[in-house]
Amino acid sequence: MTGYEVTLPVRFGQVDYAGIMFYPRFFDNFHTVFEDMFTVKLGMPYMSLLQDRRIGFPTASIATDFRRPFRFGEPMRIVLTVTRIGRSSIDFRYCGYNGADPEPSVEARSTVVTVDLDTLKAVEIPADVRAVL
């Protein structure tokens with residue numbers, strides 16, 4: 001998959017007393033981009049994977065490097081790429097850029113596992129999902 005890119009503004013409710021984005025809010029933004037990527041690439045709402053197909057993608061691990069803060073109102077351009085696809089797991093890389101900055105201000109590497117939401121057991125990545133990744 002080529003990188004999937006979305007720009008989100010840093011909102012007032014995402015900043016802390018120091019006026020910079022509070023670190024858990026980065027993960028909220030990353031997951032927003034993750035959900036949007038599936039919706040756009042599969043042509044169906046992410047929620048239908050969860051509700052109708054009973055397929056989930058819980059995070060098994062995530063490592064994040066915070067290099068430069070984001071302030072209220074700044075644009076956060078997030079690029080999501082797939083770095084590895086296994087039988088039932090997928091590695092993603094999130095790079096968050098402050099607007100047009102060429103270097104990422106935040107970078108996260110994440111592994112998700114494809115699970116059956118009724119049993120919470122790992123399942124093979126469905127062919128249509130694998131095809132869009």
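The values are calculated or read from the model by the stated rules, or taken from the named source; none is laboratory data. This one's a predicted model, so the numbers in the text were calculated from it and none came from an experiment. Here Cβ is always computed from backbone atoms with ideal geometry, including for glycine, and neighbour counts include all displayed protein chains. Ligands, DNA and RNA are stripped out before the accessible areas are found, and what is left, the full protein with its side chains, is counted by its heavy atoms. Shrake-Rupley method; radii C 1.70, N 1.55, O 1.52, S 1.80 Å.
A few comments on the model shown:
- Condition check for GLY99 on (1) open to solvent by less than 40 Å² (accessible area, probe 1.4 Å); (2) at pLDDT below 95; (3) closer than 23 Å to ALA131 by Cα: one failure, at (3).
- Qualifying residues in the stretch 15-27 (those that are among the hydrophobic types (A, V, I, L, M, F, W, C) and open to solvent by less than 40 Å² (accessible area, probe 1.4 Å)) - the one nearest to ARG87 (Cα to Cα): PHE26
Okay, residues lined up against (1) open to solvent by 60 Å² or more (accessible area, probe 1.4 Å); (2) at pLDDT 95 or above; (3) assigned to a strand (DSSP E or B); (4) not aromatic (Phe, Trp, Tyr):
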{"residue": "ASN29", "(1), (2), (3), (4)": "no, yes, no, yes"}
{"residue": "THR39", "(1), (2), (3), (4)": "no, no, no, yes"}
{"residue": "MET47", "(1), (2), (3), (4)": "yes, yes, no, yes"}
{"residue": "ARG53", "(1), (2), (3), (4)": "yes, yes, no, yes"}
{"residue": "ILE62", "(1), (2), (3), (4)": "yes, yes, yes, yes"}
{"residue": "ASP65", "(1), (2), (3), (4)": "yes, yes, yes, yes"}
{"residue": "ARG77", "(1), (2), (3), (4)": "no, yes, yes, yes"}
{"residue": "VAL82", "(1), (2), (3), (4)": "no, yes, yes, yes"}
{"residue": "ASP91", "(1), (2), (3), (4)": "no, yes, yes, yes"}
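- Complete set of residues in the stretch 93-126 that are under 18 Å from GLY56 (Cβ atoms), part of a strand (DSSP E or B) and not hydroxyl-bearing (Ser, Thr, Tyr): VAL112, VAL113, VAL115, ASP116, LYS121, ALA122
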